[in-house]
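Each remark here refers to the structure printed beneath this line.
No value in this document is a laboratory result; all are computed from the given coordinates. Model, not experiment: these values are computed from the prediction. Glycine gets a Cβ as well: all are built from the backbone with ideal geometry, and neighbour counts include every protein chain shown.
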Amino acid sequence: MSPHADLMNDADNHYYEPDDCFTRHIEAAYVKRTYRVDRLEPGVPARMLLGDERCHFFSVGVGDSVGAPGMMKEFLRGTSDDGGSPSLNPIFGLGVPEFVEKSARLAKMDEQGVERCLMLPTAGVGIEPQLCEPANRDVLYPTVRAFNRWLEEDWGYGDEGRIYGAPLISLVDLPEGLAELDRLLERGARFVCLMAGPIDGRSPGDPHFDPFWARCQEAGLSVVFHIGSTSIEAAYNQPWGLRTSPPSHRHSLMEYALSFTERPIVDQVTALIADNVFGRFSELRVLSVEYGSSWVAPTLHKLDHIARLYSKDMWRFGAPPEKPSDLFRKHVSVSPFYEDDVPGLARTIGVERVLAGSDYPHPEGLAEPREFEAELAGLSERDVRRVMRENFEMLVV
């Protein structure tokens, strides 16, 4: 047993980005056209802009007026009707050292009993669709590269063996995306964040993108899909007369159901399985983080059912080598919401594919990441250790 077996590894941690995370390292030609934070006056949440246009997903600075870590816990458990707003009793997140500084976060992790964590964007998961609009597209890769350089500088990719920053990648322009991926691999990245959903009219499972999946497999790089703004919003919402870019935490019920949370990851996983990515890349690793897990069992049941109905010549890019649910269990790890049926997820996909994640320091997460263990009642001591520690460890050690 590891000497640190009593510590957890957390597969869902976040920072709040500073005002200059997109501008600090961007080329001068794009500094006024990328995302920036416009501070009006003290005490007033800053506006987040793309050039002179309001950011669609995060219209205010992401750390300016946020709920404290874990403040929605009882509401999400269904034990209280209070605390349903993520910005209730807000704090200034950028003023909390462990939310914005690596050294302070490491000290906080020591206090929390967290040995390692996957460190994910907050603002960074809400930017790509707007950058892909025709007027902004030339700013997409300069912005992604600048953000990743900021991430390298402030948080790193796990050089100390504890905080593993997950940089952004976009495949809208495949050569540009591969060039950035190669740069990230040279700097030791172990994870990348890829937006879920179709890519400029193509399935992510189209063989056009095989050079990306091949590099990820060869490097042992895990591809992370995390909730945020996606291309699916416009595709699903527009035909219903809904907003094509609903702002974070202000979706209508129909917008939320059609194109947020579950739909992007269900479509993404379906594409990877149906278009035989896992058949072509037998060692590829994919993570679903902060999409919950209530979608997993019905999705696998549906895909298995459909696969039985079709002959092998009806697959677009070749028939997968195994049934969809078995491919999922081999290639996809899930970090569920703590309020989900986590033991049920373990029974569905295998305990080795379940990752504990606290979503710290977001208000819908856990203030104390080790509280996730309370959701594992009924699992053996060995399986609890897998979920709380060993499954993530296998991705980085």
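Round to the nearest 0.05 the FRET efficiency obtained for Arg382 and Leu49 when R0 = 51 Å and r is the Cβ-Cβ distance.
0.50
Take the Cβ-Cβ distance between Glu283 and Ala235 as r, set R0 to 25 Å, and report the resulting FRET efficiency rounded to the nearest 0.05.
0.20
Under the Karplus relation 6.51 cos²θ - 1.76 cosθ + 1.60, θ = phi - 60°, what is the ordered set of whole-Hz ³J(HN,Hα) values for region 234-242, x standing for Gly and Pro?
5, 4, 8, 7, 4, x, 9, x, 9
Mind giving me the FRET efficiency for Glu186 and Phe92? R0 is 41 Å, r the Cβ-Cβ distance, nearest 0.05 is fine.
In this case the efficiency is close to 0.65.
Rounded if a/c is under 1.5, else prolate if a/b is larger than b/c, else oblate: which is region 82-147, with a ≥ b ≥ c the root eigenvalues of its Cα gyration tensor?
Oblate is the answer for region 82-147, as a/c is 1.5 or above yet b/c matches or exceeds a/b.
Under the rule of at least 5 residues apart or a separate chain, name every residue whose amide H is placed under 5 Å from the amide H of Ser248.
Here Phe58, Ser59 satisfy the definition.
Expressed in whole Å with the largest first, what are the equivalent ellipsoid semi-axes of region 24-138 derived from the C-alpha gyration tensor as the square root of 5 times each eigenvalue?
Over the Cα atoms of region 24-138, the semi-axes work out to 29, 19, 15 Å.
Express the relative contact order of region 139-186 as a whole percentage, based on alpha carbon pairs under 8 Å and six or more residues apart in sequence.
31 percent
Once both labels are modelled 7 Å past Cα along the beta-carbon direction, what's the Asp340-Glu133 spacing in nm?
3.2 nm
What is the sum of charges, Lys and Arg at +1 and Asp and Glu at -1, for the other residues whose Cβ falls under 15 Å from the Cβ of His249?
Spelling it out: positives minus negatives among the neighbours equals -4.
Using the basic label-point model (7 angstrom from Cα toward the beta carbon), what is the Arg316 to Val396 distance in nanometres?
3.5 nm
For the chain, what is the calculated [θ] at 222 nm in deg cm²/dmol (nearest 500), taking -39500 (n - 2.57) for each run of four or more DSSP H residues and dividing by its residue count?
-9000 deg cm²/dmol
Based on the alpha-carbon gyration tensor of the chain and its eigenvalue square roots a ≥ b ≥ c, which shape applies: rounded if a/c is under 1.5, prolate if not and a/b is larger than b/c, or oblate?
In terms of gyration-tensor shape, rounded.
Considering amide H positions built from the backbone, and no H for Pro or chain starts, which residues 5 or more places from Ile91, or on another chain, come under 5 Å of its amide H?
Counting only residues 5 or more places away or on other chains, the set is Val66, Gly67, Ala68.
Once phi is turned into ³J(HN,Hα) by the Karplus curve 6.51 cos²θ - 1.76 cosθ + 1.60 with θ = phi - 60°, what whole-Hz value does each residue of region 167-180 show in order, with x for glycine and proline?
x, 8, 9, 10, 10, 4, 10, 4, x, 5, x, 5, 4, 5
Run through all the Cα pairs of region 352-396 and give the fraction in each 5 Å bin from 0, expressed as whole percent.
Percent of pairs per bin, in order: 5, 23, 29, 23, 16, 4, 0.
When the chain is modelled as a GNM with alpha-carbon springs shorter than 10 Å, which of Asp154, Asp267, Asp110 fluctuates the most?
Largest GNM mean-square fluctuation: Asp110.
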